[in-house]
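These notes are about the structure you will find just below.
Just so it is clear, none of the values below were taken in a lab; they were calculated from the coordinates. No experiment lies behind these values; they were computed from the predicted model shown. As a convention, Cβ positions derive from the backbone with ideal geometry for all residues, glycine included, and neighbour counts pool all protein chains shown.
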Amino acid sequence: MDIGTVGVVGCGLMGSGIAEIAAKSDFDVKVREVSKDFLEAGEKRIRKSMDRAVEKEKLSAEDRDAAWARLSFTTEISDLAECDLVIEAIVEELAAKNALFGELDGLCGENTIFASNTSSLTITDMAAATSRPDRFVGLHFFNPVPVMKLVEVVRTIATSDETFERAFAFSKAVGKVPITAKDNSGFVVNLLLVPYMLDAIRQLERGVASVRDIDTGMTLGCGYPMGPFLLCDFVGIDTLYRISEIMFEEYREERYAPPPLLRRIVALGRYGRKTGRGFYDWSGDEPVPLPV
């Protein structure tokens, strides 16, 4: 596979998870954030996750310490120059991602593979901003990264066979189950999941049933681990809104269009569990549906 050193750009929920699993899988990992504060928060998040795994006896203390020793943290993008694979996990904005990859393109060696963890943007639009579209691939992990087994490995019409095979092998090496996805907005999972979540909001708007009853219906009637509104709150309602806008721009199909109620909840700053309020109020021991 000839990937030894992995760079991870962004140390939020996704980036910290990707860095953690790579370090635990014997890769040397360099994590880059834009500021010292963000970097320290990411370090604490990774350490807390590893410590929790030790407490639950899913990781030995020795393996935790060895993984931690393979991690290094920086605010300097130039520190990623020698990486064999660089995975981007920053804000879901094409301009920001393209600016990042444009800078990396001038720093990294010709054999370095670039990968994006985007959930809705197309990989081609990022690859085209570099001089290495053949060495560009999508690696879409799922939250929480240390727990969720799936990785969507996305190849564009320009991705070389060698690049795809190396990325696929890397996904297996970090303990994930990779699937191959075409480079379309949403790939496989979000292509099917986002319309389901948006349609649940539309049925709520139409008065079909309450938040609680729709969630209960889908968990008990379909065997889903959680209902669509609880899922919205976990994903982040602002994130869902942004993804739906990107996908609607791509496909121009009504099922990807954000419903008016979704826009209103975002306007109120009710982004879900991360802000304490979304479709549910998360301030108590159990989430309680909010008026909509």
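Points to keep in mind about this one:
- Efficiency of FRET between TYR224 and ASP281 - r from beta-carbon atoms, R0 22 angstrom, step 0.05: 0.50
- Amide H to amide H, with H built 1.01 Å from N, LEU85 comes under 5 Å of THR5, GLY7, ILE113, counting only residues 5 or more places away or on other chains.
- q = 0.11, 0.13, 0.15, 0.17 Å⁻¹, region 83-187: log10 I(q)/I(0) [Debye, one scatterer per Cα]: -0.28, -0.40, -0.53, -0.70
- The calculated pair-distance distribution of the chain uses every alpha carbon pair, bins of 5 angstrom beginning at 0, and gives 1, 6, 11, 15, 17, 16, 14, 10, 7, 3, 1, 0 percent.
- Order of PHE73, PHE141 under a 10 Å beta carbon neighbour criterion, fewest first: PHE73, PHE141
- Proxy reagent accessibility, fewest Cβ within 10 Å first, across LYS48, LYS172: LYS48, LYS172
- Ratio of Rg to Rh over region 176-292 (Cα coordinates, Kirkwood Rh, two decimals): 0.97
- Gain in span if fully extended, LEU107 to LEU94, counting 0.36 nm per residue against the direct Cα distance: 2.7 nm
- The chain, helix-only ellipticity at 222 nm - DSSP H runs n ≥ 4, -39,500 (n - 2.57), divided by all residues, nearest 500: -14000 deg cm²/dmol
- Sites GLU55 and TYR196, calculated FRET efficiency, Cβ-Cβ separation with R0 35 Å, nearest 0.05: 0.50
- Candidates LEU193, LEU100, THR5 compared by Cα position along the dipole of the chain: farthest toward the positive end lies LEU193, with charges placed on Cβ.
- Loop-resident GluC sites (Glu not before Pro) (DSSP state other than H, G, I, E or B) in region 213-284 with no more than 12 further Cβ atoms inside 10 Å of their Cβ: GLU253.
- With neighbours defined as other Cβ atoms within 10 Å of a residue's Cβ, the residues THR118, THR180, THR130 order from fewest to most as THR180, THR130, THR118.
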